[in-house]
Amino acid sequence: MENNNDFDLMDVIKDYLSCAKYVCGLLIDYYQVNETLMRARVLETIPKEGFVENIYFRFHGRGCFFKYDGGEIDIDFGPKGRFDGFDLYRIKKFLETNTRFKINQSDDDFIEKQFNMFIRNHVIDKLPGYEDDFLYYVETR
């Protein structure tokens, strides 16, 4: 990013959420999943790794990593299989690995300050009852 004033972290978060919805939706549709993605993985309805529509996926711990032309996204599943949670690490990796974003190392502090401001102002929040979890959400319902 050449100018921090032109950077809107909420736009990046919305892009991350849109991408997460798209790639998880691909798996759900392709494998005709009726349960959460993690449950489908445990039941071996979905393989641990593979390709769907030229998008590589690999399940890990409590989430799934996706690599596609022009970028990557790493998703950890939240309560009840939600895939709309994120933390600062995932947002930074999304920024670093997606070619449409131009960032440099000096932007790290700016990104972290903006993320923490979102937390303080309750723009993003943890789910009620899951305050010890590390994921934040725009929609906490």
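Which of Ile73, Ile91, Asn121 sits farthest toward the positive end of the charge dipole of the chain, with +1 on the Cβ of Lys and Arg and -1 on the Cβ of Asp and Glu?
With unit charges placed on the Cβ atoms, the residue in question is Ile73.
With a ≥ b ≥ c the root eigenvalues of the C-alpha gyration tensor of the stretch 15-103, is it rounded (a/c under 1.5), prolate (a/b larger than b/c) or oblate?
Prolate is the answer for the stretch 15-103, as a/c is 1.5 or above and a/b outweighs b/c.
Using the basic label-point model (7 angstrom from Cα toward the beta carbon), what is the Lys113 to Phe65 distance in nanometres?
3.2
Span-like helices, the chain: DSSP H, alpha-carbon axial extent 27 Å or more, mean Kyte-Doolittle -1.0 or greater, which ones?
9-30
Give a quick list of GluC sites (Glu not before Pro) in the stretch 34-141 that DSSP marks as loop, anything other than H, G, I, E or B, with at most 16 other Cβ atoms within 10 Å.
Taking the stretch 34-141 and a limit of 16 other Cβ atoms within 10 Å, the loop GluC sites (Glu not before Pro) found are Glu35, Glu44, Glu53, Glu131, Glu139.
Estimate the FRET efficiency between Lys93 and Glu49 by the formula 1/(1 + (r/R0)^6), using the beta-carbon distance for r and 30 Å for R0, to the nearest 0.05.
Computed FRET efficiency for Lys93 and Glu49 comes out at 0.95.
Give me, ordered by chain and number, the residues 5 or more places off Asp84 or on other chains with an amide H under 5 Å from its own placed amide H.
The answer is Gly78.
Which residues' amide hydrogens lie under 5 Å from the amide hydrogen of Gly63, considering only partners 5 or more residues apart or on another chain, with H built in the peptide plane?
Residues meeting the amide H criterion: Phe77.
Every number in this text was worked out from the coordinates using simple rules, so none of it is lab data. All values reported here derive from a predicted model rather than from experimental measurement. Please note: Cβ atoms are built from the backbone with ideal geometry, for glycine as well, and neighbour counts cover all protein chains shown.
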